[in-house]
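The values are calculated or read from the model by the stated rules, or taken from the named source; none is laboratory data. Because the structure is a prediction, the values reported are computed rather than measured. Counting neighbours? That spans all protein chains shown, and the Cβs are built from the backbone with ideal geometry, glycine included. What goes into the accessible areas is simple: the full protein's heavy atoms, side chains included, and nothing from ligands, DNA or RNA. Shrake-Rupley method; radii C 1.70, N 1.55, O 1.52, S 1.80 Å.
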Amino acid sequence: MRPVSEFLELSATGPVATLTINRPAKRNAMSYEMWSALPGLMARVAADEGIRVLVVRGGSHFCAGADIAEFSSLRRGPEGAARYGEAVHDGERAIARLDKPTIAAISGFCVGGGCEIALACDIRVASPDARFGITPAKLGIVYNFTSTKALVDAVGPAWAKQILFSADLVDAGTALRIGLVNEVAESLDARVKELSEQIAGRAQVSVRGAKKIIASIVDGGHEDDSVRALYAEAASSAEYAEGVSAFLEKRPPRF
């Protein structure tokens, strides 16, 4: 896949796609244009049947948040704030609703909108130098409901309050302890490569079914016809047949 813009690059190696935020001069701060590009990028990933996992990463820094330099122009007044907030929300939701598993590979600053992007991913792996914060209390902004819920779901209400009330940064060790990240890895690239390839090699009917069921549970859902349809889909899938055959033949499955 070709790069899609000056600051957001989408590439693929085998079944693993990588979305790279590449704006080092701004510590990968997200502009309005970049937020607006995310739904289209996620649509491309969803449509490509060869892609099984998406990794979202930065460089020295994952993402320092929204580009505050735009706030005095594009985010001026209630209408501008609403329009800007809608672009951020739509971008974050596009990642969260992708039907394929997503991994955030986090180094350096992961602040504000950067945390929104990371929390929209299914799994977060951080390097020891990663620093996390959500800082609307420094700007006079009320954090979006959906993104606040994602934070509460990850760390619980007490830590969500501390993070949002204080606007302080927390280190990687604290982020791991409170559930903001899944792992801290000394070799971030190697661990994310290992994990993404492992997930890509599993039965995708199982992985995607689990993602849908977990999302339903988080949103207060219950076992219903849509969930039972996932069971039926798996039971009649070629991957189920291969998994059982591989087990009986004592060989690795070929999904």
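Among residues belonging to region 199-255 that are under 20 Å from residue 53 (Cβ atoms) and not in a helix (DSSP H, G or I), point out the one that is most open to solvent (accessible area, probe 1.4 Å).
Out of the qualifying residues, it is 254.
Before we move on, is residue 72 within 21 Å of residue 199 (Cα to Cα), open to solvent by 50 Å² or more (accessible area, probe 1.4 Å) and either modelled with pLDDT under 95 or not in a loop (DSSP other than H, G, I, E, B) (or both)?
no
Can residue 181 be described as at pLDDT 95 or above, hydrophobic (A, V, I, L, M, F, W, C), part of a loop (DSSP other than H, G, I, E, B) and under 19 Å from the mean Cα position of the chain (by Cα)?
yes
Does residue 189 satisfy the criteria of being open to solvent by 50 Å² or more (accessible area, probe 1.4 Å), in contact with a strand residue (DSSP E or B) (Cβ under 8 Å, 6 or more places away or on another chain) and farther than 19 Å from residue 121 by Cα?
When the stated conditions are applied, residue 189 does not pass them.
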